[in-house]
Amino acid sequence: MYVAVKGGERAIEASHRLLEAERRGDPAVPELSTRQVSEQLPRAVDRVMAEGSLYDRELAALAIRQAAGDLVEAIFLLRAYRTTLPRLGNSEPVDTARMLVRRRISATFKDVPGGQILGPTPDYTHRLLDFRLADVSATDPAQRDDTVQRDRLPPREEPMPRVMDLLGREGLVEEETTAADEGQPPADITREPLRFPAGRDARLQVLARGDEGFLLALGYASQRGFSNTHPFAGEIRYGVVAVSIVPEELGFAIDIGEIELTEVQMVNQFAGSDTAPPQFTRGYGLVFGHQERKAMSMALVDRSLRGRELGEAADSPTEDEEFVLYHSDNVEASGFVQHLKLPHYVDFQSELELLRRLRSEFDPPSAQAAE
Amino acid sequence: MTRVSTAARDGGYTFAYLDEQTKRMVRRAILKAVAIPGYQVPFASREMPLPFGWGTGGIQVTASIIGRDDTLKVIDQGADDTVNAVSIRAFFARTAGVPTTTRTQDATIIQTRHRIPETPLRAGQILVYQVPIPEPLRWLEPREAETRRMHALQEYGVMHVRLYEDIARYGHIATSYDYPVRVNGRYLMRPSPIPKFDNPKMDRSPALQLFGAGREKRIYAVPPHTGVRSLDFDDHPFEVQKWDQACALCGSTASFLDEIVTDNQGGRMFVCSDTDHCETRVRAGHVESAAGGRDPGGP
Amino acid sequence: MACDDRPLLSARGLTRYYGRILGCRDVNFDIWPGEVLGIVGESGSGKTTVLKCISARLEPSAGTVTYDTRTEGPVDIHRISEPARRLLMRTDWGFVHQDPRDGLRMAVSAGANIGERLMAVGARHYGQIRETATNWLGKVEMDTGRMDDLPCTFSGGMQQRLQIARNLVTAPRIVFMDEPTGGLDVSVQARLLDLLRGLVSDLGLAAVVVTHDLAVTRLLSHRLLVMRHGTVVETGLTDQVLDDPQHPYTQLLVSSVLHP
């Protein structure tokens with residue numbers, strides 16, 4: 001007699017054992033430590049923290065190890081963990097004008113107050129594989145001079161004014177208004193479902209934790225004519241900002257730590273309307289860690305999404321709020337794409353039954369003619 | 001097969017994983033959904049430790065309503081032992097420590113993907129559906145802002161246009177699962193991808209039916225004894241699938257049958273998709289169908 | 001209640017600005033049951049703005065549009081609830097776009113296009129919907145055998161006929177038309193105009209026809225509104241305005257077009 005497939009439970013357990021073996025690889029090779037990952041794969045950690053929307057280098061590194069280097073899977077692990085964390089309070093807004101800057105450049109002015117600071121960037125490396133890295137002992141600081149250590153300078157201590165604020169003084173760039181200016185608490189996409197039309201606060205939150213690859217592609221598309229925003233990189237800065245909270249019992253702000261951020265302000269043309277003279281507009285990007293590609297993409301997409309508000313044609317996918325915001329979250333996207341692996345016996349059976357019926361009812365015209 | 005089994009709860013998590021604030025938020029959405037049958041209530045869906053699209057909406061609903069006295073059954077495609085059903089059942093056994101069962105009649109909460117059990121549900125039971133796409137108008141209108149307006153104004157003519165096209169092209173309505181329904185004469189609703197075979201079971205069911213869409217962040221409900229009408233035309237009434245065969249294991253002629261390919265020559269047999277229903281019948285002495293259900297030629 | 005001794009639709013002080021740009025200003029007119037009103041003018045004269053405002057597709061900056069409904073009598077169409085307005089739009093009114101693709105569902109068959117408004121107001125009998133759709137295909141002089149074909153397989157003139165049938169199926173009392181024969185070649189235009197003239201008089205329809213083509217209004221409309229720079233410069237019976245234009249702009253328009 002036929003017996004339907006059973007034993008899902010045992011199969012799952014066995015699968016988990018195989019997965020663990022795959023993750024660990026050859027046991028003869030020493031295992032990576034979480035600290036090694038957080039210290040030596042900082043860009044991977046940055047991405048997982050940003051898209052996992054949880055700032056914790058050690059947890060992100062752990063997630064990367066557990067996911068065997070699959071960053072989207074690591075992001076998912078961090079998000080699921082984030083769900084279980086209680087919300088103890090809200091921080092004050094961070095002030096990026098008081099950022100301790102490690103890198104800061106502007107593509108719009110040759111020199112700016114505070115100067116152009118190249119900082120750490122792969123931009124001007126020749127992308128040649130460095131075979132010295134293949135030999136671990138050669139890059140071990142103990143075996144080398146102390147340049148590597150010495151070059152990890154602490155960030156500059158003096159705060160640096162934002163380039164956009166300089167333009168703002170002349171009235172050449174639009175005023176930035178926030179939900180707080182209008183007496184509204186900012187949206188919180190982790191506590192309220194997204195509604196359309198979404199405010200810019202909600203949009204920026206979605207973009208900040210949106211998939212880097214998706215935003216990169218959209219930002220790129222906006223440069224190629226699927227949008228019309230004429231961007232300039234007004235300023236890109238990366239560094240450390242203090243996070244502070246105001247405990248109720250104290251009534252004043254105290255610093256509780258610091259985080260690394262990358263901030264991008266794009267300057268875009270705007271033709272003006274019947275109520276506003278021509279002026280520059282802004283696209284904004286802000287991401288955990290050092291992630292310029294993501295922050296720039298975010299700023300491009302942010303500006304594209306403002307098309308309707310600014311009375312532009314806004315008919316490209318990059319300017320379509322529902323299209324962009326509903327599809328930028330890789331935890332949602334990855335889950336739904338991969339749910340196709342789940343059994344669909346019943347729906348498929350229904351389709352099969354229907355298809356057989358349709359085929360049995362089908363009269364090809366030629367067969368009719370032959371009769 | 002097991003009756004009720006109890007697992008030890010993992011004390012590292014809140015009861016049923018979600019913190020109490022989140023559960024309150026979900027419960028408020030459920031209450032609103034029950035008050036407005038068929039209306040999709042937006043809720044702040046959380047990331048769960050299962051991927052979106054794998055039942056996170058159903059899991060959040062179950063986690064928010066489950067209590068220590070509940071007995072949980074989880075099915076996927078009608079079966080208790082498909083991998084995702086096993087995985088979700090294990091999740092609740094671990095985080096809530098409640099008894100689980102495969103017996104429809106013993107369960108107080110049944111979480112399901114793509115089926116309604118064959119055993120009629122009774123008052124007091126809650127059926128929790130996992131929903132991939134909650135919006136019935138989505139393939140006709142991709143924009144949420146517009147579909148919400150269409151619901152508000154009951155502009156549902158376009159859905160009938162789709163059914164009209166089916167009849168014009170095929171001679172009958174060619175939608176076989178996720179078949180649209182009108183709830184309580186008001187809201188157009190997507191019943192999740194259950195086969196249309198199951199649609200009549202939703203109508204005036206004594207059980208509470210809750211629908212959770214995690215990725216799309218919507219909850220909706222059909223309260224007990226609420227009318228659920230499958231859309232149709234007066235001269236092309238709604239009808240459900242029928243099989244020429246009986247179940248090869250229990251001989252049932254009234255249940256939804258899965259087709260099993262048995263060999264490389266295309267031999268196939270049909271068995272109940274609802275494993276509990278099938279086993280209960282076999283235990284009660286029903287025998288496999290005379291032909292053994294084997295049908296090498298197919299229909 | 002609606003009745004025949006008062007206007008079906010009245011515009012009073014109708015004004016619309018797009019930011020600082022004038023769309024139309026202080027436009028006043030009445031349309032009586034069964035009457036066809038032409039609105040002519042060059043592009044940018046404000047005629048399409050007026051059409052959108054009186055058909056509830058665009059909210060005016062000032063002024064009112066009153067419509068004499070079958071059940072409630074005269075209402076301000078920009079003040080009533082959205083459900084009530086949408087119901088008017090899909091039952092009592094029709095709107096014929098210049099480009100039939102804007103008015104048709106291109107992905108469903110001709111029959112479904114005609115049947116949609118019926119289904120939207122509750123028709124649930126497939127056979128009857130189909131029969132009505134067949135009748136309408138006949139009335140707009142289309143081959144009823146093409147009932148199940150998609151609009152994209154039709155010529156431009158046929159698509160326009162289909163759009164007209166789709167609008168008339170719920171027996172509207174007024175139809176708004178925006179350059180209904182624009183984009184069609186001359187012989188197709190002539191036959192379509194013939195058809196429209198026949199339908200309008202057979203059904204006792206009121207209509208507002210916006211066009212830059214004086215030949216179209218000469219054939220279709222009873223009365224004429226001549227617009228320029230957002231305002232109405234002349235109004236009167238069609239023949240009177242075209243044969244004896246008073247305003248210099250109308251004179252220019254007539255002399256430039258109507259030479260035989």
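The values are calculated or read from the model by the stated rules, or taken from the named source; none is laboratory data. Quantities reported herein were computed from a predicted structural model and do not represent experimental measurements. Reconstructed Cβ throughout: ideal geometry from the backbone, glycine too, with neighbour counts over all protein chains shown. With ligands, DNA and RNA removed, areas are computed over all heavy atoms of the protein, side chains included. Shrake-Rupley method; radii C 1.70, N 1.55, O 1.52, S 1.80 Å.
Between the amide H of residue A:196 and any residue lying 5 or more places away or on another chain, no distance stays under 5 Å, with hydrogens modeled in the peptide plane. What is the diffusion coefficient of chain C in µm²/s, taking the Kirkwood radius over Cα pairs and the Stokes-Einstein relation at 25 °C with a viscosity of 0.890 mPa s? Diffusion coefficient, whole number: 130 µm²/s. Looking only at C:182, C:94, C:38, which one moves most when chain C is put into a Gaussian network model with springs between Cα atoms under 10 Å? Of the options given, C:182 has the highest mean-square fluctuation.
So for region C:108-256, what percent of the C-alpha to C-alpha distances run longer than 21 Å?
Numbers: 5601 of 11026 pairs.
When all Cα pairs of region C:108-256 are counted, 51 percent exceed 21 Å.
In chain B, taking the dipole from charged Cβ atoms about the Cα centre, the farthest positive-side position among B:95, B:15, B:50 is held by B:15. The GNM of chain A, with springs linking C-alpha atoms under 10 angstrom apart, assigns the highest mean-square fluctuation among A:177, A:96, A:108 to A:177. Round to a whole angstrom and tell me the spacing of the C-alpha centers of region B:218-239 and region A:269-331. About 42 Å separates the Cα centre of region B:218-239 from the one of region A:269-331.
With a 1.4 Å probe and all protein chains in place, put C:25, A:98, B:115 in order of accessible area, largest first. Intermediate results must be reported in sequence, preceding the final value.
Details: C:25 110, A:98 165, B:115 0 Å².
The most accessible residue leads, giving A:98, C:25, B:115.
Computed over chain A, the per-residue total of -39500 (n - 2.57) for DSSP H runs of n ≥ 4 gives a 222 nm mean residue ellipticity of -11500 deg cm²/dmol, rounded to 500.
The mean number of partner chain beta-carbon atoms within 10 angstrom of a residue's beta-carbon across peptide B:174-183 is 3.
On association of chains B and C, roughly 1700 Å² of accessible area becomes buried (total for both chains; probe 1.4 Å).
Rounded to 0.05, the FRET efficiency of the residue B:175 and residue B:154 pair, given R0 = 22 Å and the Cβ-Cβ distance, is 0.60.
In cubic angstrom, how much convex hull volume per residue do the alpha carbon atoms of chain A span? Display every interim value, and only then the final one.
Values: hull volume 105.9 nm³, N = 371.
Once divided by residue count, the hull of chain A is 286 Å³.
Which percentage, to the nearest 5, of the DSSP beta bridges contained in chain C is antiparallel? Show your work: numbers first, answer last.
Numbers: 22 of 40 bridges.
Bridges in chain C are about 55 percent antiparallel.
Where the accessible area of region A:9-82 is counted over protein heavy atoms with a 1.4 Å probe, how much of it, in %, is carbon and sulfur? It is 56 percent, rounded to a whole number.
Sorted by mean Cβ packing within 10 Å, highest first, what order do the peptides C:117-124, C:79-86 take?
Details: C:117-124: 17.5, C:79-86: 13.5.
By packing density, highest mean first, the sequence is C:117-124, C:79-86.
Accessible surface for residue C:95 stands near 30 Å², nearest 10, in the context of the full protein assembly shown (1.4 Å probe). If you split all Cα-Cα distances of the protein assembly as shown into 10 Å bins from zero, what percentages do you get per bin, shortest first? Per 10 Å bin, starting at zero, the Cα-Cα P(r) for the protein assembly as shown comes out as 2, 9, 16, 18, 18, 16, 12, 7, 2, 0, 0 percent.
Note on exposure: A:363, B:203 ranked by accessible area (1.4 Å probe, complete protein assembly) read A:363, B:203, with the most exposed listed first.
Solvent-accessible surface of the protein assembly as shown, taken per residue with a 1.4 Å probe and all protein chains present: 47 Å².
Across peptide B:38-49, the average count of Cβ atoms from other chains found within 10 Å of a residue's Cβ is 4. Rounded to the nearest 10 degrees, the angle from helix A:212-223 to the longest Cα principal axis of chain A is 70 degrees.
Once the Kirkwood radius over Cα pairs is known for region A:9-82, the Stokes-Einstein relation at 20 °C and 1.002 mPa s delivers a diffusion coefficient of 168 µm²/s.
Over region B:218-274, the ratio between the Cα radius of gyration and 2.2 N^0.38 Å evaluates to 1.66. Counting, for every residue in C:113-119, the Cβ atoms of other protein chains within 10 Å of its Cβ and taking the mean gives 4. Counted over chain B with a bin width of 5 Å, the fraction of Cα pairs per bin, in whole percents, is 1, 5, 11, 15, 17, 16, 13, 10, 7, 3, 1, 0.
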